1. Please list, in order along the range 141-148, the HN-Hα scalar couplings obtained from phi with the Karplus expression 6.51 cos²θ - 1.76 cosθ + 1.60 (θ = phi - 60°), rounded to whole Hz, x for Gly and Pro.
2. What is the magnitude of the charge dipole of the range 78-161 about its Cα centre, with +1 placed on the Cβ of each Lys and Arg, -1 on the Cβ of each Asp and Glu, and no other charges, expressed in debye to the nearest 20?
3. Which lysines have a Cα lying under 18 Å from the Cα of Lys483, excluding residues fewer than 8 positions away in the same chain?
4. If exposed GluC sites (Glu not before Pro) are those in a DSSP loop with at most 16 other Cβ within 10 Å, what is the longest stretch of the chain that has none?
5. Give me the distance between the Cα centres of the range 614-668 and the range 347-370, rounded to whole Å.
6. Taking Lys470 as the anchor, which aspartates and glutamates have their alpha carbon closer than 16 Å to its alpha carbon, excluding any fewer than eight residues away along the same chain?
7. Given the peptides 629-636, 75-82, arrange them by the average over their residues of other C-beta atoms within 10 Å, most packed first.
8. In vacuum, with every alpha carbon of the range 378-538 counted as one equal point scatterer, what does the Debye formula give for log10 I(q)/I(0) at q = 0.17, 0.18 Å⁻¹? Two decimals, please.
Amino acid sequence: MHLLASLLCLLGLPFLSLAQGTRPDLLEVKAWRGTITATGKLVDDKVSVGATPVELSYSGSFSAEVLLDQFENEPAVWSGRVLTSNLGVSSTMKATSPHSKVETSYATSGPVDAQDGSVEAKLEFHGEQGWSLYILRNSRRTEETTVTTVDGKDYPARQGKTVHVLKNIQNFPYPDKGFDLEGTAELTASDSAGDFPVIWQYTVHLFPVDRQVLALEIEDSSAYQNWRPSATREGGAGAPLELKATVVGSDGKIPNTRVKGFVWELEKTSREPGVTMNYPLNAKDNRLDMELTTQGGMFVLSPDAQRVERAMSEGFSDTVSVVPFDWGGWADLKVTAIMEVGPPLVAKLKGASEEGLRLPKRAADSKIADVWKKQQAVPGPDDSDFDNIPAVPAHTGDGLTLYEEYRGFYAKGQHVEGDPMKKDLFVLDTTGIVDGGLKKFEKESKIIIHRLDQGEMDEQTHLINQNRTKGPHLVAQHGILIKFNNDTNNYMACDPQGAASPGSVKAILVPHAPVTGPAAPDGTPYADVSFAHELMHALGVRHHGDGDYDAYWKIEGNTVKEYRLEQDGSLSGRGVPIEILRENGDVATAAFIAHRQSMGGEAAQGQSQLVGVEQGESSGDDTCMMRYDRNSVHLKPGQPNARVSIQLGVNEEPVGYRICTSSKGTGINESKPGHPSRYGNAATGRGNCADKLKVSDL
Ligand SMILES: [Zn+2]
Ligand SMILES: [Zn+2]
């Protein structure tokens, strides 16, 4: 009943080929190496055993690598070992009769079973009848399941089974020239003893062990090691990379067979839109970021320039150039040499074990050129964003991944890269009058500012890394738009309470008329520190506190009453009588009234004031650009109705010129014996402006 056991029995008389001339030189070969591969399939999946129809399914495969290094002459036989092998068979057989059903099945895959000590394979020369290869180690032990079903009830059984393949084979003729013993044959069911409908097809290739083995190599040139893709601003070709592939012999000698042709193929070529992250604006192209080109001789270039095919009449090497069209492009290159004798050779980088090579030269899990990572001395994955200069513990990074910093940007018409260690901030200044402020901020913050031209950042979206499809990415990162304020004449960031990050800033508005005020102690013009203040708002920094207010001091007889001055110019509150003091404590209320009345007209009615309060905008480190410095009066601790006037040359407030690193009051805000703090420390959670700068939109 074990039909399948027989199916595998491929025995038959050796096929006798036509007489061939013998080749005495083949007997000089000391040892042979080679492979045999075979597949078996059913001729017919329906057979009958007597009157019983049988359904079959079967697939078989076998491969082995052999080394035959024991020679005995007359007859000439080389015997040896099976080095590697795989035998895979899966089979089912279903026999159905009116009252019963028998289903037998097994499946196995793996190396052939070991066979201690004995000859595993041999090559035999049969005189003029040609040669044949015998695989004597050709079986694998497995288990077969038989399920017999009688009247709807299953009776399963399991038993051991040995699966054999290719017990017998054909003779093949000797080659006319060369030392490759090659043959392909088909063993049909009728070639074997039984009438089992399996066809085995097999191929043998043996060659002398000491024969020259060919390889196709691409030199790991310094050009390859140092190349990174580039492009022109207009999307034209960047600097090409020339690559040379050469067929080499394992023995260092000239290859013993001719190269018929080379095939160069770019695979998995990127199609990132635009040429950098920001340019051209909102690019939608999906053109291939690398192409092939070559010169001389006859070649065929595919329409998409991803494949070059060249027929060779002589020589063993070929040269092709890779042309980049994107600063961040990537692709894989495969090169194949078609040989006159033997299988095609697929190129490897010299010294590498994997086929093909990556463009640019890069790690398997990266799209960034190795050379750039080496120059920047940055490890880390392509999508990391670990910029930490300036170090802001709560806000690492600048929203640009390592890949995005590498691919780069166009700024003022030049290709620029991001700095993977330092935070990069992009600004589009349409006013042209705040460069001093940008420089001041750059100096104090250590953040790198990239100035863009119109056309390098979308004035609606403010995105600076929008050109992407597959490039490693973390967040839509924004630059900052700076434009003239046409409504009022004040500096104003989008949200003076501190934007979250650049992505939430609509624009920094700049007045047409320069902001005036005293220069900072380091000589920085007032307009520059004022602009830096606004830029800090755009990066999430709030004032040192809140609560400073506009007031109107109304003269009523010989008293002065303070009202709140609303933005529309109206007064509110009930009017609090106040006492005006000088810094030294002298009462100056009467002098104030007399002075105002001497001016006559509206001035004689009173005066508006800017009042600074404890822990308000003017508190904290008095060297910080974030601190307000324009109060005209300040409160006096412990005396709610006292107002101390701020006089030029007497007790004026310093202009900030740095970025503070603490919330502690310094200078006028420092509390010392005999010198009370004017506004105190920064409010809770405020101050320490350096630790609040947030460049990343993540
Ligand atoms: Zn402000
Ligand atoms: Zn500050």
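1. Couplings: 7, 8, 10, 10, 10, 10, 10, 9 Hz.
2. Values: 10 positive and 10 negative charges, 34 e Å.
Computed about the Cα centre, the dipole is about 160 debye.
3. Output for Lys483: Lys412, Lys439, Lys506.
4. On the way: sites that count: Glu219, Glu234, Glu314, Glu340, Glu354, Glu459, Glu566, Glu583, Glu652, Glu670.
The reported range is 1-218.
5. 61
6. The qualifying aspartates and glutamates are Glu267, Glu272, Asp285, Asp289, Asp326, Asp332, Asp365, Asp382, Asp383, Glu404, Glu405.
7. So the peptides 629-636, 75-82, ranked by packing, come out 629-636, 75-82.
8. The Cα Debye sum returns log10 ratios of -1.02, -1.13.
Taken together, the values in this text are just the output of simple stated rules run on the coordinates, not laboratory data. Predicted model only: the values in this text are computed from it and were never measured. No Cβ is skipped: glycine too gets one built from the backbone with ideal geometry, and neighbour counts run over all protein chains shown.
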